[in-house]
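For reference, the structure discussed in these notes is given below.
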Amino acid sequence: MDLKLQGKVALVTGSTAGIGYAIARTLAQEGARVIVNGRTKAAVDEAVERLRSDTGGAVDGYAGDLSRPESAEEVVRLHPGIDILVNNLGIFEPKPFEDIPDEDWKRFFDVNVLSGVRLSRLVLPSMKKANWGRIIFIASESAVQIPAEMVHYGVTKTAQIAVSRGLAETLAGTGITVNSVLPGPTKSRGVGDFVQDMARANGKSFEQVEAEFFENVRPTSLIKRFATPEETASLVAYVASPLSSATTGAALRVDGGVVKSAF
């Protein structure tokens, strides 16, 4: 299927690995000019080189912490005319609720929520001028089923859905759509390393630990496995395309059926 992304400019935050990298790769394969982002120049340069080699596409990089206002302003200034903004930047950390200090709550909100709010505000003028744009927040099934082991993370993901819907409401009648995408448990680099370490520590295979996780921790999963980053990227690429023009203000799940609801 031709997603008609030739010539579109896409910024994918937090995209040197995992879901963000898979999104950047898929968009580049579809013909978009992609701006890869990470905190360090070394990580960004390595991701850009891999993407150019893998896709043959137009890929640029921006090294900087996009939870900081000055970095957000700089990336938009250096790369004007962003058509597609994928707010993927995010952090997570399991921690008992009573051990989460105010500083952690503020840090999680700054990175997971305000980074996307700020970038959306910065790219909207050019999108409005073109009367076309796509803003996508990468939330999580944890937005709907708040995990007891990291309440602060779940709250920020719920906030992303609220921001996405509210922003879509303000853009009613335009050619700009805003959506959130909710991945479920995904075999990103961090999760894969964590499960592999756990498997080694307990003398088990990755597959055994994965099966136990979906039996005991996420028993509502219908696919009974970790999704791949590429499976999320496929949905994001469609939502980022002109073909998705009737999809806006939505919270779209790619969670493997973890959320036990038909709606």
Could you give every pair whose Cβ atoms fall below 6 Å, whose first residue belongs to region 1-18 and is on the phi < 0 side of the Ramachandran plot, and whose second residue is surrounded by 19 or more Cβ atoms within 10 Å (Cβ to Cβ) and among the acidic types (D, E), counting only separations of at least 6 or pairs across chains? L3/E30; L5/E30; K8/D83; V9/D83
Within region 109-123, the residues that are hydrophobic (A, V, I, L, M, F, W, C) and either over 16 Å from the mean Cα position of the chain (by Cα) or exposed (fewer than 13 other Cβ atoms within 10 Å of the Cβ) (or both) are L122, V123
Residue check: is F97 surrounded by fewer than 16 Cβ atoms within 10 Å (Cβ to Cβ) and either assigned by TED's automatic domain parsing to the domain that holds I138 or in contact (Cβ under 8 Å) with a residue 60 or more places away in the chain (or both)? yes
Filtering region 80-94 down to residues that are modelled with pLDDT of 95 or more, crowded, with 16+ Cβ neighbours inside 10 Å and not small (G, A, S) yields I82, D83, I84, L85, V86, N87, N88, L89
Quick check: anything in region 146-165 in contact with a Lys or Arg (Cβ under 8 Å, 6 or more places away or on another chain), of a type outside the set (A, V, I, L, M) and in a helix (DSSP H, G or I)? yes
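Table: residues versus (1) among the hydrophobic types (A, V, I, L, M, F, W, C); (2) farther than 27 Å from F97 by Cα.
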site	(1), (2)
V123	yes, yes
K128	no, yes
E149	no, no
Y153	no, no
A162	yes, no
G166	no, yes
V178	yes, yes
Would you say F137 is over 25 Å from V9 (Cβ atoms), within 21 Å of the chain's Cα centre (by Cα), aromatic (F, W, Y) and not in a loop (DSSP other than H, G, I, E, B)? no
Just checking, does region 58-77 include any residue being exposed (fewer than 15 other Cβ atoms within 10 Å of the Cβ), over 23 Å from L167 (Cα atoms), modelled with pLDDT of 95 or more and in the same structural domain as K106 (by TED's automatic domain parsing)? no
Can you name every one of the strands (runs of 3 or more DSSP E) wholly within region 30-108 that holds 1 or more residues which are within 21 Å of the chain's Cα centre (by Cα) and among the acidic types (D, E)? 59-63
Test: A262 is in a loop (DSSP other than H, G, I, E, B) and at pLDDT below 95: yes
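The values are calculated or read from the model by the stated rules, or taken from the named source; none is laboratory data. Computed from a predicted structure; not experimentally measured. Cβ coordinates were reconstructed from backbone atoms using ideal geometry, including for glycine residues, and neighbour counts include every protein chain displayed.
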